[in-house]
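Read-outs: derived from the displayed coordinates by stated rules, not from any lab. Here the structure is a predicted model, which is why all the values come from computation and not from measurement. As a convention, Cβ positions derive from the backbone with ideal geometry for all residues, glycine included, and neighbour counts pool all protein chains shown.
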């Protein structure tokens, strides 16, 4: 696959899977043996595990929308710099809904195989997310 084709596959995954919240499309964009890497967590293995993670985010942030700021590709790898926004309307990792609008910046690296995402690495600002939700005080705030 060409680098442009690989970039298009990642962009379509953002547009058609994440931004629509259509969890039925997970297999369309990911290989069956997909592996996701999120710092501090065990690997996300397989499309069903990915569906569960995505469902958790979409339940907590039903208006979640990802915007790609930059995308580069080399060989079978695609790197994106993104931000996502959403309103915290459902429980998220034990944090009750706050109604707060959050913006989270991140970088993701993807490995593409046969036009689908086979592996990804998540480098998101999870500390910033927790601060925006009020779960962790921001620097200079009382705890």
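Measuring spread by the Cα atoms of segment 1-57 yields a radius of gyration and Dmax of 11.8, 33 Å.
Sort 53, 66 so the one with the fewest other Cβ atoms within 10 Å of its own Cβ comes first.
Numbers: 53 14, 66 19.
With the fewest neighbours first, 53, 66 line up as 53, 66.
When restricted to Cα atoms, segment 14-143 yields an Rg and a Dmax of 15.1, 51 Å, respectively.
Across the chain, Cα pairs under 8 Å and at least six residues apart give a relative contact order of 23 percent.
Which peptide among 115-124, 85-94 comes first, and what is the full order, when sorted by highest mean count of other Cβ atoms within 10 Å? Provide the component values of the computation, followed by the final result.
Details: 115-124: 17.8, 85-94: 15.2.
Top to bottom by mean Cβ count within 10 Å: 115-124, 85-94.
With helices as the sole contributors, the chain gives -7000 deg cm²/dmol at 222 nm; each DSSP H run of n ≥ 4 counts as -39500 (n - 2.57), and the sum is divided by every residue. At what distance in angstrom do the alpha carbon centres of segment 78-135 and segment 1-49 lie from each other? First find each Cα centre; the distance between them is then 14 Å.
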